[in-house]
Amino acid sequence: FVLDAKTNDIVAGGAYAATLTLNNNTFTEIHVDVELAAGTESVYYEWYTPEDYAMFESDAEVMEALFMDCYNPLSKNGEVNKSNITPGSEYVLATVSIGTDGKYGAIVTKNFSTLTIPYDENIKVELVSAELDAEGKNYTVTVNVTGAAKVMGYNISDTEYNQGQFPLNVCKNGHKASYSG
């Protein structure tokens with residue numbers, strides 16, 4: 001027994017448009033509230049970098065991509081998220097709404113970004129000492145940190161030249177500075 005099924009065709013001409021409002025953004029996440037217009041059955045959406053979005057030559061191409069992928073349907077008011085992204089990153093949220101009458105509206109886009117981490121010259125890292133162990137393989141590095149709430153460091157070694165670097169990033173209230181030595 002085989003059942004043939006087909007989705008309904010959709011056509012242009014709908015007056016449906018989602019309203020996009022920033023709910024919350026952090027250094028690595030964007031949360032946007034999507035409000036559906038009356039009579040909307042669903043909204044398809046996708047996040048694009050501005051560079052990727054600029055590659056579309058028309059709204060028709062954006063719409064084709066949204067309908068072809070159909071990865072992100074939203075059938076009621078809700079929140080759409082973009083996470084695990086770099087601080088200070090900008091994204092374009094593109095949406096198209098489909099009504100219960102099978103008609104879709106115009107593309108609605110809006111740019112959103114994560115918070116940036118500004119540089120703060122008052123955060124400082126100063127090398128106090130770097131002592132090599134008895135085997136000549138590992139350093140113990142001591143630093144003075146001024147004005148930082150968090151210090152992150154890791155070892156990078158280059159065995160060909162037997163050199164090592166110890167980069168540090170220090171942060172306080174969303175500000176950063178760097179030290180490498």
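Points worth noting:
- For region 1-95, pairs of C-alpha atoms spaced more than 24 angstrom apart make up 30 percent of the total.
- Added length on full extension, which subtracts the Cα-Cα distance from 0.36 nm per residue, Thr21 to Lys110: 31.2 nm
- Thr100-Thr28 pseudo-label distance in nm [points 7 Å out on the Cα-to-Cβ vector]: 4.2 nm
- Under 5 Å from the amide H of Ser42 lie the amide H atoms of Ile98, each residue being 5 or more positions distant or on a separate chain, with H modelled from the backbone and absent for Pro and chain starts.
- Heavy-atom accessible surface of region 14-134, averaged per residue, reaches 57 Å², computed with a 1.4 Å probe.
- Fraction of accessible area attributable to carbon and sulfur, region 87-138 (%, probe 1.4 Å): 44 percent
- DSSP-loop chymotrypsin sites (Phe, Trp or Tyr not before Pro) across region 1-93, with at most 11 other Cβ within 10 angstrom: Phe1, Tyr71
- A simple rule links phi to the HN-Hα coupling: the Karplus curve 6.51 cos²θ - 1.76 cosθ + 1.60 with θ = phi - 60°, which for region 93-108 gives 9, 10, 9, 9, 9, 10, x, 5, 8, x, 9, 10, x, 6, 5, 10 Hz, with x for Gly and Pro.
- Amide H contacts of Asn23 (H built 1.01 Å from N, under 5 Å, at least 5 apart or other chain): His31, Val32, Asp33
- Between Leu3 and Val141, the modelled labels are 6.4 nm apart [label points 7 Å from Cα along Cα→Cβ].
- For region 50-62, the Karplus equation 6.51 cos²θ - 1.76 cosθ + 1.60, evaluated at θ = phi - 60°, returns couplings of x, 5, 5, 5, 5, 6, 6, 8, 7, 4, 4, 5, 4 Hz by residue, with Gly and Pro reported as x.
The values are calculated or read from the model by the stated rules, or taken from the named source; none is laboratory data. Note that the structure is a prediction, hence the values are computed from the model and not measured. Every residue, glycine among them, receives a Cβ derived from its backbone with ideal geometry; neighbour counts consider all protein chains shown. For accessibility, only protein heavy atoms count, side chains too; no ligands or nucleic acids. Shrake-Rupley method; radii C 1.70, N 1.55, O 1.52, S 1.80 Å.
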